[in-house]
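Coordinate-derived values only; no laboratory data. All of these numbers come straight from a predicted model, not from anything done at the bench. Cβ coordinates were reconstructed from backbone atoms using ideal geometry, including for glycine residues, and neighbour counts include every protein chain displayed.
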Amino acid sequence: MNLFKLKSVAVAIGLSALSNLALADISTSKAVLGNDGSERLAASADFTAAVEGDLYIAIGVEEKLLFLANGGNSLTERISPFAANQVYIGSIPLFNFSTAGIPAGRYPVYKIVTRTGTDPLNFTNWVGGLTSVNFMVGLPVAHSGDFDGDGFADSDLDQDGYYMMTLIKMGFMMMTMIKMVIMMMIMIKMVGVIQTEVWYQ
């Protein structure tokens, strides 16, 4: 089955540090919400320049990703685009629904645009990079960090739902990327050793 596990996106985020010139952000008026139904979970993709391709929106739920497909009218584990083969510009509403009944937890939402018809798991197909916002629903203040009640953790300076400041997050992403590059170099070296052994045999 063509499913996308949440662990896969961790690799993708590390690789996205290679190109952090995102052409669109995900924005929300509140990233910290209750789950009593008095608030609405809403977000939009804001494109600063025209981007053409397939738009993917995925929500992290219990260690897997659920994709918003068909313009946000369906939610599926199968890799499916929110919109396909279109040009995106300006603010595009993604979803807006009640928080009533949503289990307490953290729900990261990811956005990527790929070249039309290409694999979103391959970061070389991305147009402009990956962006995300992290929603915290039904969590106590001690866990959400929103002590002033403005809908964002107090340390969330760029209002993307993450505790860490932008520079710290970039540092984490760079460290992830470096680790992956080192692993790839080791694998390439191992392949070279094997090829040499076969040559001499």
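In terms of overall dimensions, the stretch 64-117 has a Cα radius of gyration and Dmax of 12.7, 36 angstrom. Protection proxy ranking of 78-84, 52-58, 128-134, by the mean of other Cβ atoms within 10 Å over each peptide's residues and highest first, is 52-58, 128-134, 78-84. Applying the Karplus relation 6.51 cos²θ - 1.76 cosθ + 1.60 with θ = phi - 60° to the stretch 23-30 yields 3J(HN,Hα) values of 8, 7, 10, 9, 10, 8, 7, 8 Hz, where x marks Gly and Pro.
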